Protein chains: 2
Amino acid sequence: MSSKFAPSGEGEGSFQPKFDGQGLLTAVAVEIDSGQVLMVAFMNAEAVEATRTTRRATFFSRSRNKLWVKGESSGNYLEVEEILVDCDEDCLVLKVRLPAKGVACHTGEKSCFYRKLNLVGPAELKRIKS
Amino acid sequence: MSSKFAPSGEGEGSFQPKFDGQGLLTAVAVEIDSGQVLMVAFMNAEAVEATRTTRRATFFSRSRNKLWVKGESSGNYLEVEEILVDCDEDCLVLKVRLPAKGVACHTGEKSCFYRKLNLVGPAELKRIKS
């Protein structure tokens with residue numbers, strides 16, 4: 001389907017994901033109400049379709065080499081409200097909801113991004129106020 | 001430096017990035033005021049340090065195989081206010097500011113994520129209202 005607003009391949013119509021050499025896309029999970037980035041993980045074609053149709057974020061675990069429904073062991077499912085797709089169709093943003101008091105990070109933090117890198121001096125990490 | 005809040009390697013202290021097999025990290029650029037995800041790209045060690053010290057988002061272009069100061073040709077620099085680091089130290093969130101009326105996407109859209117994937121029926125993309 002041709003686009004009214006961008007070159008071919010960057011418009012509307014059929015989703016044609018561009019998987020990398022390992023068959024994966026990058027997916028960024030963002031809490032829909034706060035806009036907080038919760039986590040970043042990878043998806044193969046099966047994970048994309050499972051996420052889209054079940055509306056629960058499903059990733060591909062590179063370490064375990066298998067599909068991984070986020071929250072299947074912890075209960076911290078990421079309920080998917082929207083999936084945004086980038087210009088190159090190689091990256092997704094998932095707008096999600098966590099359960100009440102839910103956390104996305106295996107450390108127990110709400111977001112995996114709980115530390116800040118200093119911009120002056122040696123490269124050191126500091127915890128962000130919780 | 002040991003952490004008061006998380007297992008070793010997930011705490012405060014020296015930043016020890018875990019680059020992938022290609023020597024890269026994933027970096028997510030988020031507009032600091034709106035929380036909008038603008039783009040996702042990759043960084044090698046040199047790009048991380050350039051971003052941190054110049055406070056302009058600098059990526060590694062896999063297609064051109066070289067460092068790429070975002071905005072160097074368009075003027076759409078991403079001015080970096082904060083760099084967040086994930087639990088695994090393999091992904092960064094850059095909190096950035098665009099120039100007034102600036103855009104992050106090569107298509108002319110503010111964000112690369114200007115399309116939404118439908119959640120029901122065939123996998124189709126629709127433009128988000130601009």
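A few notes on this one:
- Long-range neighbours under 7 Å by Cβ, at least six apart or interchain, first residue within 9 Å of chain B (Cβ to nearest Cβ) within the range A:24-44, second charged (D, E, K, R) and surrounded by fewer than 24 Cβ atoms within 10 Å (Cβ to Cβ): A:30/A:95
- The set of residues from the range B:109-130 being among the small types (Gly, Ala, Ser), farther than 11 Å from residue A:53 by Cβ and loosely packed, with under 15 Cβ neighbours inside 10 Å comprises just one member, B:130.
- First in the range B:113-125 and more than 7 Å from chain A (Cβ to nearest Cβ) and in contact (Cβ under 8 Å) with a residue 12 or more places away in the chain, second anywhere and in a loop (DSSP other than H, G, I, E, B) and among the hydrophobic types (A, V, I, L, M, F, W, C), Cβ under 6 Å, 6 or more apart: B:114/B:128
- Residues of the range A:24-68 that turn out to be more than 23 Å from residue B:121 (Cα to Cα) and loosely packed, with under 15 Cβ neighbours inside 10 Å, as a count: 9
- Flag if residue A:67 is hydrophobic (A, V, I, L, M, F, W, C), within 12 Å of chain B (Cβ to nearest Cβ) and outside any helix (DSSP H, G or I): no
- Among residues of the range A:97-112 being among the hydrophobic types (A, V, I, L, M, F, W, C) and within 12 Å of chain B (Cβ to nearest Cβ), the one that is farthest from the chain's Cα centre (by Cα) is A:103.
- Taking the criterion of being surrounded by fewer than 18 Cβ atoms within 10 Å (Cβ to Cβ) and under 25 Å from residue B:14 (Cβ atoms), the only residue of the range A:78-106 that qualifies is A:106.
- Boolean, residue A:94 is in a strand (DSSP E or B) and over 13 Å from the mean Cα position of the chain (by Cα): no
- Any hit, the range B:2-24, residues being farther than 17 Å from residue A:117 by Cα, assigned to a strand (DSSP E or B) and not small (Gly, Ala, Ser): no
- Hey, residue A:75 over 27 Å from residue A:19 (Cβ atoms), at the interface with chain B (Cβ under 10 Å from one of its Cβ atoms), over 16 Å from the mean Cα position of the chain (by Cα) and exposed (fewer than 15 other Cβ atoms within 10 Å of the Cβ) or not: no
Yes/no matrix, rows are residues, columns are (1) modelled with pLDDT of 95 or more; (2) among the β-branched types (Val, Ile, Thr); (3) under 12 Å from the mean Cα position of the chain (by Cα):
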| position | (1), (2), (3) |
| --- | --- |
| A:38 | yes, no, yes |
| A:41 | yes, no, yes |
| A:48 | yes, yes, yes |
| A:64 | no, no, no |
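- Residue in the range A:51-62 that is away from chain B (no Cβ under 12 Å), part of a loop (DSSP other than H, G, I, E, B) and either at positive phi or touching a Gly at 6+ places or on another chain (Cβ under 7 Å) (or both) present: no
- Complete set of residues in the range A:113-124 that are among the hydrophobic types (A, V, I, L, M, F, W, C), over 27 Å from residue A:77 (Cβ atoms) and under 23 Å from the mean Cα position of the chain (by Cα): A:117
The values are calculated or read from the model by the stated rules, or taken from the named source; none is laboratory data. This structure is a prediction, so every number in the text was calculated from the model and none was measured. Counting neighbours? That spans all protein chains shown, and the Cβs are built from the backbone with ideal geometry, glycine included.
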